[in-house]
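Note sheet for the following structure.
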Amino acid sequence: METTHAQTNRRAFFVGALIECGFAIIELTQAIIEHGSTLIELTQTIIEHGFTLIELTQAIIEPSFTLIKLAPPLIVSPTALITNKLPFQMLRQLMHNMW
């Protein structure tokens, strides 16, 4: 069966269209990979901020424990001050530890 010029043109057009679709698929794949990398970077940023929040929380909790340790002398101190049983040097040290 002999092919006509029109059939050859249609086949060439079809092959050209397939090649263009192939390039479009490659570009789409590259875009997906780039967005995947962006998502990975975003996830890393979220994780880093999570660790920053954890460190911040620890930084808040640790002084709270210090305050808890200081609380008994601070609770006792008003009574001791009234009865003059708390030496001035101890009060100064207490205030120094708080700041």
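Read the figures in this text as sums done on the coordinates, not as results from a lab. Nothing here was measured: the structure is a model prediction, and the numbers come from that model. Cβ coordinates were reconstructed from backbone atoms using ideal geometry, including for glycine residues, and neighbour counts include every protein chain displayed.
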Query - Cα-projected label distance for A12 with A31, points at 7 Å along beta-carbon direction, nm - result: 3.0
Report summary line: Residue by residue through segment 26-43, the couplings from Karplus 6.51 cos²θ - 1.76 cosθ + 1.60 with θ = phi - 60°, in Hz, x for Gly and Pro, are 4, 4, 4, 4, 4, 5, 5, 5, 4, 5, x, 4, 4, 5, 5, 4, 4, 4
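Taking the Cβ-Cβ separation of F65 and T43 as r and a Förster radius of 41 Å, what is the calculated FRET efficiency to the nearest 0.05?
On the way: r = 33 Å, r/R0 = 0.80.
Taking R0 as 41 Å, the efficiency between F65 and T43 is 0.80.
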Report task. Step through the residues of segment 13-23 one at a time and calculate ³J(HN,Hα) from phi using the Karplus curve (6.51 cos²θ - 1.76 cosθ + 1.60, θ = phi - 60°), rounding each to whole Hz and writing x for Gly and Pro. Result -> 4, 5, 5, x, 5, 5, 5, 4, 4, x, 5
Query raised in the report: For Q58 and H5 in the same chain, what is the full-extension length gain: residue separation times 0.36 nm, less their Cα-Cα distance, in nm?
Result: 11.2 nm
